[in-house]
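Asker: Structure incoming, see below.
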Amino acid sequence: MDQKSIEEFEGPEGVDAVPESIESAIKDGIDLNGSPLPKDMVGFYKEVMQKEADRVCRVRVQMRRQIITVGSKHYDQETLNQRLLDAGWEGLKAAEIAYFFT
């Protein structure tokens with residue numbers, strides 16, 4: 001691992017390099033000075049980051065719900081379904097179709 005102090009990272013690329021180096025060190029389980037990171041610390045860090053990733057996913061679920069609720073007032077079933085798919089979400093479910101389009 002290239003050992004550089006934070007002061008050596010200058011300019012706009014330096015701002016991005018420090019967090020990237022830290023993430024890489026955490027992934028490898030090795031501190032920037034080369035010493036091993038305690039497994040319990042790394043494990044707890046990964047657990048918290050996974051909880052954050054799960055929370056973000058719930059935000060996406062809520063976004064989808066709101067799109068369907070409001071979008072069903074403005075788009076026909078086929079258009080809304082295709083727009084969902086194009087945006088990367090799953091298409092309309094049978095229960096959503098029954099509730100919003102029948």
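The values are calculated or read from the model by the stated rules, or taken from the named source; none is laboratory data. Remember, predicted model here, so these are calculated numbers, not experimental data. Cβ: placed from backbone, ideal geometry, glycine included. Neighbour counts: every protein chain shown.
Asker: Just checking, how many residues over segment 52-102 are of a type in the set (D, E, K, R) and surrounded by 13 or more Cβ atoms within 10 Å (Cβ to Cβ)?
Answerer: Qualifying residue count for the region: 3.
Asker: Something else about it: When you scan segment 33-45, do you find a residue that is surrounded by 11 or more Cβ atoms within 10 Å (Cβ to Cβ) and among the charged types (D, E, K, R), even just one?
Answerer: Checking segment 33-45: not a single residue is surrounded by 11 or more Cβ atoms within 10 Å (Cβ to Cβ) and among the charged types (D, E, K, R).
Asker: Let me ask something additional. Which members of segment 32-89 meet the condition of being touching a Gly at 6+ places or on another chain (Cβ under 6 Å) and either at pLDDT below 95 or within 20 Å of residue 19 (Cβ to Cβ) (or both)?
Answerer: Result: 37, 42.
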